[in-house]
Structure formats: C-alpha cells, structure tokens
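In what follows, a structure is listed as structure tokens, so that the remarks can point back to it.
Just so it is clear, none of the values below were taken in a lab; they were calculated from the coordinates. Keep in mind the model is a prediction, meaning the values are calculated, not measured. With ideal geometry, Cβ positions are generated from the backbone for all residues, glycine too; neighbour counts draw on all protein chains shown.
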Amino acid sequence: MGDFQPWLLTLLGGIVCLIFLVKCIQFLKYFLPHICSTLPKSFFQSMGEWAVITGAGDGIGRAYAFELAKRGLNIVLISRTLEKLQKVASGIEETTGRKTKIIQTDFTRTDIYDDIKESLQGLEIGVLVNNVGMLPDKLPCRFLNMPDNDQVRTMLQKGLILNISSAVGTFPCPLFAIYSASKAFVYTFSRALQMEYKPKGIIIQGVTPFAVATQMYMRKPSLTIKSAEEFCRESLEYVKFGDTTFGCLAHEILVILFLSRSPTMFNGTSPLKKIGVHCLFLYLYTNYYIKLQKQILWILLYHIEGKLRSS
C-alpha cells in the first residue's frame, strides 16, 4: 500500500496538470489573432461568393455584413425594416464595392421560408450568420435541408454558419429566464449541428458574447463592452476555433475570472466566482429597472404632451 500511494498521487497530479494545460491552451488561442492572422485572406471567399445575414438592419448583424463585405463577400441582407436594409446596402456598396441583395421579411411568421429559399436561388452561398432576434432554428435547418440539386451538393462541401447566441445562455440568469433559456438552446443546437455536419466540410459555430454596444443594449464601448464592429471583426478570426466561442479575448477573460460554462455554476465554492455572479445579477437587476423607469418616464411625457396639445 505504501508503494501504491505515491504512484496514485503522481497519476492524479499528472491528470490535474494535463487539465490545466488544456485550459491554458484553450485560453491562449484567443491571443493568436492579436499576434498574427489565423485565417488566410481568401478564407471567406473560398466558402462561397455570398454571405446571408439575418437581423442585418442594425447592431451585430449590420456589423457582420460590413465586415464580411470587406473580406470579399457579396451580402444578402435579411430583416424586417426595409429602410434600415436599404441604408445598410447602400453603405456596403459605397464603401466596399460588393454586391448586395435585400430580403424584407418578418421572422415571427412561419410562412416566410419558401419565399426566402426562392430569393436565394442561384446564389453561391458560403456564409450564413444567424442573428435574427428570435430562436434561429428554422433558417439553418431549411438552409441545410434544401432539395439535393447540384448547387446544394456544392454548398454542402464547404460553408460557414454562425449562430449568434449570448453568454447568458451558458448559466441560469434570474429576471432573464426565458431569454437565457432560448440562448442556451442556440448554444447546444450549434454544437449538435457541428457534430452532424463537420464531416461534410461545414463549420457551424455558436457565438456567445457578453455585452456588445448596440442600440438594444444602449451602452458605450469600454474595456469589456465591445462595439459591434470591434466584436464582429475579432470574432471572425475565431471561426475555426471550435463549435462555440465567446467571440473576443475580453469576454473569454470575463468567463475565466467570474463565471463557469457549466449550468451548475452555483455549486462551486470559489468566492471569486460567487462575487462575480452576484455582481452580474445585481447589474442586470438594476439595469432592468433603469430601463423600466425610462419607459415609464417616456409614457408620462407622451401623455403630458398630448394634454398640452389638446388644451
């Protein structure tokens, strides 16, 4: 027993060191794009001629559209508001010289996918960014299950699909239960799809950012809050880094410092983790009521203005 115990401790120590080494390598990979480009310049063009962006009217979708156009792709813009789409399309054509195509549609309807498929006929689509503000399960499924013709056989030999989720989908989030649960679906859905379609040469990645400065979030860019343009530019460098990514170095550091990818994050005993989680929930709690107060204030001002006009 005396000879066996040191051997067992050595084995356990080796396993712990190996796990730690793997974690370090997973983290260090986020530094690579800051040192040198991890993708050849022609990578996205090699996927196909066109990129399809849902939710492309503003925010992250708009930023992805511009960034992919800068990398040599023509862009199909899909969203609900025609005026926003036209503005984005003209901006892309003027600044990058790439072609654009607009598809106005409302993803809350269930009868839109045949029209989308018809609008995409004849296009060599290599990249799909699923950024629409709802559960984006139907479009990638329809995209991958289209009729088996020559064009689709070519598409299934290569391609890139980015499903935009959120970091709140990787842990339970009070006050945002439905939102975090829907993002958790996108997170696991992307991982499962990547397992299914990886042998066919398709990259499917779930992108799970923390805070990004958009009109919906209404925060200024900072050390941990990326602008939509900065986030999309950096996240595209990580498209070959696995089935999920937090999109940028700053958000990966947030995960390591405060949170855990496991849904059982509250079972941990790390004081730093508990402090980080409570700070996050306190921020979400106060942010929720700040937005609520602003909405109430705007409603009151609207009614006051109406009374003044009527008088």
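Output ³J(HN,Hα) for the stretch 77-94: one whole-Hz value per residue in order, computed from phi by the Karplus curve 6.51 cos²θ - 1.76 cosθ + 1.60 with θ = phi - 60°, and x for Gly and Pro.
9, 10, 6, 8, 9, 5, 4, 5, 4, 5, 5, 5, 4, 5, x, 5, 5, 6
For the pair residue 106 and residue 18, how long in nm is the line joining their label points, each one 7 Å along Cα→Cβ?
In this crude spin-label approximation the distance works out to 5.6 nm.
Sorted by packing (mean other beta-carbon atoms within 10 Å per residue), highest first, where do 62-75, 164-177 land? Don't skip to the answer; put the middle values down first.
Working: 62-75: 23.6, 164-177: 19.4.
Final packing ranking: 62-75, 164-177.
Can you run phi through the Karplus equation (6.51, -1.76, 1.60; θ = phi - 60°) for the stretch 160-172 and list ³J(HN,Hα) in whole Hz, with x for Gly and Pro?
9, 10, 10, 9, 7, 10, 7, 5, 6, x, 9, 7, x
So who's got an amide H within less than 5 Å of the one on residue 76, skipping anything under 5 residues away but keeping other chains? H placed 1.01 Å off N, in plane.
So residue 76 has HN proximity to 51, 52, 53, 101.
Using label points projected 7 Å from each Cα along Cα→Cβ, tell me how many nm separate residue 49 and residue 80, to one decimal.
My value for the distance between the label points is 3.3 nm.
Can you give me the long-range amide H partners of residue 244? Hydrogens built in the peptide plane at 1.01 Å from N, cutoff under 5 Å, separation of 5 or more residues or another chain.
206
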